Amino acid sequence: MKRERNTNQKEMIKAEVQLHQGHLTGDQIYALVKEKMPGIGRATVFRNLKDLTEKGEIGYIPTVDGAGFFDYRKHNHYHFKCTKCNRLFDTNVPYNDSLDKVDSRFKIQNHVTLFYGICPECEKMKNN
Ligand SMILES: [Zn+2]
Ligand SMILES: [Zn+2]
């Protein structure tokens, strides 16, 4: 019984990440999941997110200036973080596979690049 409940929680959390098709922090996901499963604890949500990330079922983008973001897209791609609204966006910058081969001492699996700046919406607001 317990196993089934845990699986359902995990599936629900994963579904929530995929449903939004964006980039959400753990606390944002927790707030969304809590609406559907009021009894669920924050630690449970974070534990499941960590588990899903480790299994490669969802992506995770760490940031240096705050909470990391979970991503429904698993393939390697670069992100942009708006310093005004703190949202994370996918960029059109192509992922550079060749960088992973530059230092042959390491078996590099992937790399993370995060761009910072002002998103179009915040830029528009600034001009109004
Ligand atoms: Zn913004
Ligand atoms: Zn992304």
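Odds and ends about this structure:
- Taken over the alpha carbons of segment 1-58 as equal point scatterers, the Debye sum produces base-10 log I(q)/I(0) values at 0.14, 0.18, 0.30 Å⁻¹ of -0.32, -0.54, -1.51.
- Kirkwood hydrodynamic radius over Cα pairs of the chain, then Stokes diffusion coefficient at 10 °C and 1.306 mPa s, in µm²/s: 98 µm²/s
- Per-peptide packing, taken as the mean over residues of other Cβ atoms within 10 Å, places 31-38, 42-49, 120-127 in the sequence 42-49, 31-38, 120-127 from highest down.
- Farthest positive-ward along the chain dipole, Cα basis, beta-carbon charges - from 53, 95, 21: 53
- Accessible-area composition of the chain, carbon plus sulfur, in percent [1.4 Å probe]: 53 percent
- Solvent-accessible heavy-atom area per residue, rounded to whole Å², over segment 1-58 at 1.4 Å: 64 Å²
- C-alpha long axis of helix 2-20 to longest principal axis of the chain, angle in °: 40 degrees
The values are calculated or read from the model by the stated rules, or taken from the named source; none is laboratory data. Please read these numbers as outputs of a predicted model, since none were measured by experiment. Glycine gets a Cβ as well: all are built from the backbone with ideal geometry, and neighbour counts include every protein chain shown. Note: areas computed on protein heavy atoms with side chains; ligands, DNA, RNA excluded. Shrake-Rupley method; radii C 1.70, N 1.55, O 1.52, S 1.80 Å.
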